[in-house]
Amino acid sequence: MAFELPQLSYAYDALEPVIDAKTMEIHHTKHHQAYTDKLNDAVKSSGLETKSIEELLSNVSSYSAAVRNNGGGFYNHNLYWEIMTPGGASQPEGDLLNAINDSFESVNKFKDAFTQAALTRFGSGWAWLVKQGDSLVISSTPNQDNPLMDVADVKGTPILGIDVWEHAYYLKYQNKRPDYVEAFWKVINWDEVAKRFKG
Ligand code: MN
């Protein structure tokens, strides 16, 4: 069974002005499509067609670089589209808010730490909010790695992630990654993050 590019639940221009329609369209139809296609090629040539994406990622050190890079790219973008929404929710609430306060003292301190992780990731990669049991930690990974991979420094379940590859922001923000990261907070789908936190 082949992996499939997911449909987005909103239009390419729905995240304007935070993320422009052209960036969304290219990111989804070119970049994410390419990760999906190359993942299918990689699992086919390795005899791994029966594995789920989670199984592939949790044992990724056993597989080819093509599985690692494209499996990560496939999974990470699936998450990225889902944790953004037009309008966004105002703030994290309930159990998720409690966990953020317990782990980082306050939402503002969490925001600062997550932003720092996104800005200090050198080159291409991701910053993550990661669930480890009942607590939360922040990490960042290079390339298309993520916290589900056995090769990750910080392991756990990613519940929020920001793509800091230049392809995610360069058309609108050029070299100003800090402006993109700041604007990202306006489109976070906190309901989806809470759902992933609950598991
Ligand atoms: Mn990307």
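The values are calculated or read from the model by the stated rules, or taken from the named source; none is laboratory data. Bear in mind that the values here come from a model prediction, so they are computed numbers and not experimental data. Glycine also receives a Cβ, built like all others from the backbone with ideal geometry; neighbour counts cover every protein chain displayed.
For Phe184, the requirement of being in a helix (DSSP H, G or I), away from the ligand (no atom under 16 Å from the Cβ), crowded, with 20+ Cβ neighbours inside 10 Å and of a type outside the set (S, T, N, Q) is not met. Evaluation of Leu136 against the conditions (1) away from the ligand (no atom under 16 Å from the Cβ); (2) assigned to a loop (DSSP other than H, G, I, E, B) shows that the sole unmet condition is (2). Of all the residues in the stretch 155-181, those that are over 24 Å from Gln33 (Cβ atoms) and surrounded by 23 or more Cβ atoms within 10 Å (Cβ to Cβ) number 1.
Residue-wise test of (1) in contact with a strand residue (DSSP E or B) (Cβ under 8 Å, 6 or more places away or on another chain); (2) aromatic (Phe, Trp, Tyr); (3) closer than 21 Å to Pro147 by Cβ; (4) modelled with pLDDT of 95 or more.
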| residue | (1), (2), (3), (4) |
| --- | --- |
| Met1 | no, no, no, no |
| His28 | no, no, no, yes |
| Glu55 | no, no, yes, yes |
| Val67 | no, no, yes, yes |
| Gly88 | yes, no, no, no |
| Gln91 | no, no, no, no |
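Look at (1) more than 16 Å from the ligand (Cβ to nearest atom); (2) over 17 Å from the mean Cα position of the chain (by Cα); (3) at pLDDT 95 or above and you find that Lys131 fails only one, number (2). Counting only residues that are surrounded by fewer than 19 Cβ atoms within 10 Å (Cβ to Cβ) and within 16 Å of the ligand (Cβ to nearest atom), which one in the stretch 141-154 is farthest from Ser64 (Cα to Cα)? Across the stretch 141-154, the extreme among qualifying residues is Pro142. Counting only helices (runs of 4 or more DSSP H) that sit completely within the stretch 1-114, those holding 2 or more residues that are away from the ligand (no atom under 16 Å from the Cβ) correspond to 33-46, 53-58, 65-82, 94-104.
Starting from the stretch 181-195, keep only residues that are over 19 Å from Gly94 (Cα atoms), then list their pairs with residues that are in a helix (DSSP H, G or I) and not small (Gly, Ala, Ser) whose Cβ atoms are within a distance under 6 Å, requiring at least 6 positions of separation or different chains. Filtered contacts from the stretch 181-195: Val181/Thr115.
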